[in-house]
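Q: The structure that follows is given in the form of C-alpha cells.
The values are calculated or read from the model by the stated rules, or taken from the named source; none is laboratory data. No experiment lies behind these values; they were computed from the predicted model shown. Every residue, glycine among them, receives a Cβ derived from its backbone with ideal geometry; neighbour counts consider all protein chains shown. Accessible surface areas use protein heavy atoms only, side chains included; no ligands, DNA or RNA. Shrake-Rupley method; radii C 1.70, N 1.55, O 1.52, S 1.80 Å.
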Amino acid sequence: MPDEVPETRVLNLIPAKVLTTDQARPKPQPQMKNNPDDNQGDAGGGSIVEFRNVSLGYGDGDRGPDEFILKSLNFQLPAGSFHFLTGPSGAGKTSLLKLIYLAQQPTLGSISLFGEAIHPNDRAQSAALRRRLGIVFQEFRLLEHLNVFDNAALPLVVHGQRFKDYREDVTELLSWVGLKHRLTAMPHILSGGEKQRLAIARAVVTRPTLILADEPTGNIDYAMGLRIMRLFLEMNRLGATVLIATHDESLVRASGMPVLELKDGELYRRDLTARGGQG
Amino acid sequence: MRQPSGSRANATELSRLSSSGMRNLLPSQDEREVALHYVIGVLCLLACLAALFAVASDRAASGWARDIRSEVTFQVRPTGLETGSVAAAKAAEVLAGIKGVAEARALEPERAKALIKPWLGDVILDDLPIPNLVEVKLDPKVPARPKAMMEALTNADIDASLDDHSVWLKDIEKSALIIRLLAYGIFFIIGSATAAVVGFATRAGLAARANVVDVLSLCGATDIFIAERFQYRFARMAFESGLLGAAVSGVAITVIKIAVSSQTFVMVLPFSWSDLLILIPCPVLVAFIAAATARLVTLRLLGHR
C-alpha cells in the first residue's frame, strides 16, 4: 500500500525549476474546437496542442483516406484542460498520443505544440518540446538497467539537474506512489502495478506542462487508480494540461472530466452526437 | 538536507542511492564490449610498439649519421721518393694543426689490411696495394670544413683526396626517413583501425540500446546529450584498454632492454628508459579517437532516425 503523504506536499516537492509560464496561468475551462477556422490566433496563446486536418495512415503514402487510422482531425487542447481519450481497441488512441509526443509524423496536416508548429525533421525542436511533456507509456518503457529511483529521476538528469538537488524530491514522490520500499530495486522484479506507478512518477517528476498518459491505470487496482488520478487532477489544478487515454469507464465517470472519443478515425466529444473532426 | 518525514524512505535505503549509475545511463557492458576491450587493447599495444620502434630506430639512425659526420678520411698518394707511410704521417701532422680537427691519425698498413681482410682474404692481400689513409676526427661543435683541409694539404705539397662518407650518410639518412615514415604510417593505420572498430561498436551499441535511446529522446534528451553518453562510454573503455596495451608494451620493452645483450640489437634499436614516457599519451590518444568517433557516429545515426 502506498505511504500516506499529503498530495499537496507531493506536488510542492516536484521540482519547481522546470515550471513553465504556462503553469502559472489561471486554468481555463476545457474546450474543444471543431472548426479549424475557430483556432485562428489561439495557437500562440491558450492552445497547448493543435491539430489541423491531421490524418495518419500506415504503409505507403498512396493509400486512400478510408485506410487512414486518423482522419482529418481538427482540435485543440487549451492550456490547463483535462481530457480523457477513449475509444475501442485499435481506434488510434496510442497513435494520436504518439503524434503529440512527436514519436510519429502525420501523413497529412499539421500539428502545433505549445504554440509552435512542429517541424518533423528538427530534432532539436523535438527535444525542446518533449522536455515540457510528461509521458506515461502503455508498455511503461522503463530502463531495465536502472533502479527504481534512477528511472524516476531520468527526466531530471536529462534536464541537467544534479543528484543532490533531486534526491530528496524523487524519493518523496516515489514514496507517494507507493514505491518507498523499492527505491533500489530493479524494474524486472517489480509487479505490473509497481512498474505502472514508477512510469507515472517518471512522467510527472519534472512537473510537465502537458501530461500524456496511455492507459495509466491499466495495471493497478481501483484504489491506487483513484490515487493516481488524484495526482493527475492535482497536476492539472496547478496548470498542467492532461490527456489520458483509457478504457477505464469507471475512472472516467468518477472524475467527471470531458471525454474525447475516437471512433472510425474521427474524434467526438462524448456528450455530442456531431463529428468532432469535421468542423 | 531536510529531515525525513515518516513517509520517507529509510536512511539505509537513501544511502544506497547513488548518482554513479546515472553517469552513463547506458547499460553496463556485454560480451561484445569485452571483445572490443581486447581489440582496442591489442591495437594500443601495437601502436605503442610502433611508436617505441620509431623512436629507437630514429635514435640509431641519428647516432650513425652523427658518427659519420664527425669523421672524414683522406687517401694520401706519395710523391717523389717518400713512402706511403711517410706521406700519410706528414698529412696527419698537417691536418692536426687545422682548427676544427680534434684528431688526425695515419692508418697503419697492418690495420688497413685487417679492415679489408674479412672481404678479400689472406692470399689476395699480399699482392694488393693498400691505400695510405688518414683518419680525421672533427670537432663536433665547430667541425673543420673539407675545403680548408684540402687547401692545407695542397699548400704542404701533399697529394690527397677526401672521402667525407657522404654516400654512406645519404644512405643512412634515407633509411632512417623510410623507417620513421613506416612507423608513423603504422601508427596512423592503427589509429584509423581503432576509430573503425569503435565506429562499428557504436553502431552495434546504438542498435542494441535502441530502447534506451528512445526513452532518453522521449524524455527530451538532445542528440548531443545522447551522443555524450556513448562518447563517455567508449572513451572510458578505450582508455582502460589503451592503458593495458601501453602497460604490456612497456613491460615488453623493459624485458627486451634488460634481457637482450646483443650488441647488434642495441645498435639497431637503442631503446632508452626515457622512451617509456611515450607510452603515457597513448591511452589518452586512443580514448580521444574513440570519443570523437563515438560522438560523430552517434550524431550521424540519430540524425537519420
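Q: Could you check region A:158-197 and list, in sequence order, the residues that are at the interface with chain B (Cβ under 10 Å from one of its Cβ atoms), of a type outside the set (D, E, K, R), closer than 28 Å to A:Leu129 by Cβ and not in a helix (DSSP H, G or I)?
A: Once the filter is applied, which keeps residues that are at the interface with chain B (Cβ under 10 Å from one of its Cβ atoms), of a type outside the set (D, E, K, R), closer than 28 Å to A:Leu129 by Cβ and not in a helix (DSSP H, G or I), region A:158-197 yields A:His159, A:Gly160.
Q: Any chance you could count how many residues in region A:135-151 are touching a residue at least 12 places away in the same chain (Cβ under 8 Å), open to solvent by less than 20 Å² (accessible area, probe 1.4 Å) and at the interface with another protein chain (Cβ under 7 Å from one of its Cβ atoms)?
A: Final tally of qualifying residues: 4.
Q: Among the residues of region B:221-234, is any assigned to a helix (DSSP H, G or I), touching a residue at least 24 places away in the same chain (Cβ under 8 Å), more than 30 Å from A:Leu129 (Cβ to Cβ) and not polar (S, T, N, Q)?
A: No: zero hits.
Q: Continuing with the same structure: Between a residue in region A:250-266 that is within 20 Å of A:Ile220 (Cβ to Cβ) and any residue that is surrounded by fewer than 19 Cβ atoms within 10 Å (Cβ to Cβ) and among the aromatic types (Phe, Trp, Tyr), which pairs come within a Cβ distance under 6 Å, given they are 6 or more apart or on different chains?
A: none
Q: Here is a list: A:Ala203, A:Ala245. Which entry is more than 14 Å from chain B (Cβ to nearest Cβ) and of a type in the set (Gly, Ala, Ser)?
A: Matching residue, one of A:Ala203, A:Ala245: A:Ala245.
Q: Now for a different question. Please tell me if B:Val255 is closer than 23 Å to B:Phe53 by Cβ and open to solvent by 70 Å² or more (accessible area, probe 1.4 Å).
A: Criteria met by B:Val255.
Q: Still on this structure: For region A:202-221, state whether one or more residues are under 21 Å from A:Arg253 (Cα atoms), modelled with pLDDT under 85 and among the charged types (D, E, K, R).
A: Yes, that holds for at least one residue.
Q: As an exercise: evaluate B:Leu125 against (1) at pLDDT below 80; (2) assigned to a helix (DSSP H, G or I); (3) under 19 Å from B:Asp163 (Cβ atoms) and give the number of the one condition it does not meet.
A: The number of the failed condition is (3).
Q: I'd like the residue in region B:76-100 that is in contact (Cβ under 8 Å) with a residue 60 or more places away in the chain and among the β-branched types (Val, Ile, Thr) and, out of all such residues, is least open to solvent (accessible area, probe 1.4 Å).
A: So, considering only residues that are in contact (Cβ under 8 Å) with a residue 60 or more places away in the chain and among the β-branched types (Val, Ile, Thr), the one least open to solvent (accessible area, probe 1.4 Å) is B:Val76.
Q: Sort out which residues of region A:106-134 are among the aliphatic types (A, V, I, L, M) and facing chain B (nearest Cβ under 9 Å), and write them in order of number.
A: The answer is A:Ala124, A:Ala127, A:Ala128, A:Leu129, A:Leu133.
Q: I'd like to verify a number: residues in region A:226-274 that are assigned to a loop (DSSP other than H, G, I, E, B) and at negative phi, how many?
A: 12
Q: Something else now. Exactly one of these conditions fails for A:Ser81: (1) buried (at least 22 other Cβ atoms within 10 Å of the Cβ); (2) farther than 22 Å from B:Ala227 by Cβ; (3) among the hydroxyl-bearing types (Ser, Thr, Tyr); (4) within 14 Å of another protein chain (Cβ to nearest Cβ). Give me its number.
A: All conditions are met except number (4).
Q: Quick one: which residue in B:Ser261, B:Ser274 is polar (S, T, N, Q), open to solvent by 50 Å² or more (accessible area, probe 1.4 Å) and not in a helix (DSSP H, G or I)?
A: B:Ser261
Q: Right, another one. Going by the conditions given, is A:Leu154 touching a residue at least 40 places away in the same chain (Cβ under 8 Å), in a helix (DSSP H, G or I), within 9 Å of chain B (Cβ to nearest Cβ) and over 26 Å from A:Tyr222 (Cβ atoms)?
A: Against the criterion (touching a residue at least 40 places away in the same chain (Cβ under 8 Å), in a helix (DSSP H, G or I), within 9 Å of chain B (Cβ to nearest Cβ) and over 26 Å from A:Tyr222 (Cβ atoms)), A:Leu154 qualifies.
Q: Among the numbered criteria (1) assigned to a helix (DSSP H, G or I); (2) open to solvent by 40 Å² or more (accessible area, probe 1.4 Å), which one does A:Ala203 miss?
A: Unmet condition: (2).
Q: Hey, could you check region A:86-105 for residues that are in a loop (DSSP other than H, G, I, E, B) and surrounded by 19 or more Cβ atoms within 10 Å (Cβ to Cβ) and say which is nearest to the other protein chains (Cβ to nearest Cβ)?
A: Looking at the filtered set, the residue picked out is A:Tyr101.
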